[in-house]
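Enquirer: Got a structure here, written out as structure tokens. Questions coming.
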């Protein structure tokens with residue numbers, strides 16, 4: 001099999017993204033060890049954990065921007081573990097990415113930022129591009145800003161335009177890297193509402209990396225928490241609130257650092 005051919009295996013019902021026994025090392029630093037998890041189609045999963053536990057690394061593995069040291073990754077029935085850049089390119093169009101800093105092109109207008117993936121990956125008439133851009137900006141409450149440059153936008157507005165660009169191609173999945181970081185509580189909650197709206201309108205699978213517990217509890221159907229290369233908690237928001245592991249409770253309530261927390265439950 002050539003490097004750009006895909007390996008297809010039966011996918012568990014409803015699981016769009018799957019990691020099987022994934023390990024990831026950078027030199028002597030072990031980020032993941034034998035990590036196995038899946039992300040169900042149409043659900044929003046929030047990935048939690050202290051800085052440096054590998055939350056953003058997980059997103060890069062899913063996008064194929066990093067290759068695991070060992071283990072396998074699947075998008076639907078397609079194994080992407082060892083695919084070439086050429087083979088990954090069409091798969092990546094199935095994903096939208098919302099970056100922590102929005103990552104807008106400063107030299108382009110709002111309109112051109114949102115239109116960018118349409119021009120790169122679709123052969124569309126300008127009239128159709130205008131229609132799509134207008135719709136996506138309406139989804140994020142940014143109608144009328146088409147001619148503005150990114151330097152004219154507030155932090156919250158930049159995040160909204162970043163989300164509009166991420167959904168321009170109607171992706172099957174949206175990956176959010178710290179979407180509320182650096183925003184005041186009111187603006188952050190607006191972004192949470194937009195995440196919920198995007199999932200409702202597009203029926204996407206969403207993965208949200210965040211430290212913001214208010215955001216996690218509001219947008220997440222499922223929460224997972226990473227520590228020392230492993231998932232130490234996995235459940236619904238209500239299950240997380242009642243989780244017996246003291247490390248989870250300390251993270252939720254912001255009491256002490258995770259690294260200082262003993263690996264035991266509250267009942268011990």
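The values are calculated or read from the model by the stated rules, or taken from the named source; none is laboratory data. Everything quoted here is computed from the prediction, not taken from an experiment. Every residue, glycine among them, receives a Cβ derived from its backbone with ideal geometry; neighbour counts consider all protein chains shown.
Enquirer: Looking only at residues that are crowded, with 19+ Cβ neighbours inside 10 Å and at pLDDT below 90 in segment 100-114, which one is nearest to the chain's Cα centre (by Cα)?
Expert: Across segment 100-114, the extreme among qualifying residues is 102.
Enquirer: May I ask you to list pairs of residues, at least six apart or on different chains, whose Cβ atoms are under 6 Å apart, with the first in segment 113-125 being closer than 23 Å to residue 157 by Cα and the second being modelled with pLDDT under 90 and surrounded by fewer than 13 Cβ atoms within 10 Å (Cβ to Cβ)?
Expert: 113/105
Enquirer: Does residue 135 satisfy being farther than 27 Å from residue 17 by Cα and in a helix (DSSP H, G or I)?
Expert: On the way: farther than 27 Å from residue 17 by Cα: yes; in a helix (DSSP H, G or I): yes.
Considered against the rule, which asks whether it is farther than 27 Å from residue 17 by Cα and in a helix (DSSP H, G or I), residue 135 comes out as yes.
Enquirer: Oh, and also: Looking at this structure, is residue 132 closer than 21 Å to residue 207 by Cβ and at pLDDT 90 or above? Steps first, please.
Expert: Details: closer than 21 Å to residue 207 by Cβ: no; at pLDDT 90 or above: yes.
It is false that residue 132 is closer than 21 Å to residue 207 by Cβ and at pLDDT 90 or above.
Enquirer: Right, another one. Sort through 188, 164 and tell me the only one that's farther than 27 Å from residue 35 by Cα, buried (at least 17 other Cβ atoms within 10 Å of the Cβ) and modelled with pLDDT under 90.
Expert: Numbers: 164 fails: modelled with pLDDT under 90.
Just one listed residue meets the conditions, 188.
Enquirer: A further question follows. Taking residue 123 as meeting all but one of (1) touching a helix residue (DSSP H, G or I) at 6+ places or on another chain (Cβ under 9 Å); (2) part of a loop (DSSP other than H, G, I, E, B), write down the number of the exception.
Expert: (1)
Enquirer: Return yes when residue 211 is at pLDDT 90 or above and part of a loop (DSSP other than H, G, I, E, B) and no when it is not.
Expert: Working: at pLDDT 90 or above: no; part of a loop (DSSP other than H, G, I, E, B): yes.
Against the criterion (at pLDDT 90 or above and part of a loop (DSSP other than H, G, I, E, B)), residue 211 does not qualify.
Enquirer: Sort through 152, 178 and tell me the only one that's more than 20 Å from residue 117 (Cβ to Cβ), under 13 Å from the mean Cα position of the chain (by Cα) and modelled with pLDDT under 90.
Expert: Values: 152 fails: under 13 Å from the mean Cα position of the chain (by Cα).
None of the others qualify; the one that does is 178.
Enquirer: Also, quick follow-up: Taking the stated definitions as given, is residue 248 buried (at least 18 other Cβ atoms within 10 Å of the Cβ), under 29 Å from residue 23 (Cβ atoms), free of Cβ contacts under 8 Å to residues at least 60 places away in the same chain and in contact with a helix residue (DSSP H, G or I) (Cβ under 9 Å, 6 or more places away or on another chain)?
Expert: On the way: buried (at least 18 other Cβ atoms within 10 Å of the Cβ): yes; under 29 Å from residue 23 (Cβ atoms): yes; free of Cβ contacts under 8 Å to residues at least 60 places away in the same chain: yes; in contact with a helix residue (DSSP H, G or I) (Cβ under 9 Å, 6 or more places away or on another chain): yes.
Considered against the rule, which asks whether it is buried (at least 18 other Cβ atoms within 10 Å of the Cβ), under 29 Å from residue 23 (Cβ atoms), free of Cβ contacts under 8 Å to residues at least 60 places away in the same chain and in contact with a helix residue (DSSP H, G or I) (Cβ under 9 Å, 6 or more places away or on another chain), residue 248 comes out as yes.
Enquirer: Filter segment 214-240 down to residues that are surrounded by 22 or more Cβ atoms within 10 Å (Cβ to Cβ) and in a strand (DSSP E or B) and give me whichever is nearest to the chain's Cα centre (by Cα). Spell out how you get there, then give the answer.
Expert: Residues of segment 214-240 surrounded by 22 or more Cβ atoms within 10 Å (Cβ to Cβ): 215-216, 219-220, 223, 225-226, 240.
Now restrict to residues that are in a strand (DSSP E or B): 223, 225-226.
Details: 223: 13, 225: 14, 226: 15 Å.
Among those residues, the one meeting the criterion is 223.
Enquirer: From the list 145, 181, pick out the single residue that is without any contact (Cβ under 8 Å) to a residue 40 or more places away in the chain, farther than 22 Å from residue 92 by Cα and surrounded by 14 or more Cβ atoms within 10 Å (Cβ to Cβ). Outline the logic, then answer.
Expert: Numbers: 181 fails: without any contact (Cβ under 8 Å) to a residue 40 or more places away in the chain.
When all the criteria are applied, what remains is 145.
Enquirer: Specify the residue that is nearest to residue 210 (Cα to Cα); the eligible residues are those in segment 30-89 that are assigned to a helix (DSSP H, G or I) and without any contact (Cβ under 8 Å) to a residue 60 or more places away in the chain. Reasoning before the result, please.
Expert: So the first thing to find is which residues in segment 30-89 are assigned to a helix (DSSP H, G or I), and the list is 55-62, 85-89.
Adding the requirement that they be without any contact (Cβ under 8 Å) to a residue 60 or more places away in the chain leaves 57, 60-61, 85, 88-89.
On the way: 57: 13, 60: 15, 61: 17, 85: 28, 88: 26, 89: 27 Å.
Of everything passing the filter in segment 30-89, 57 is nearest to residue 210 (Cα to Cα).
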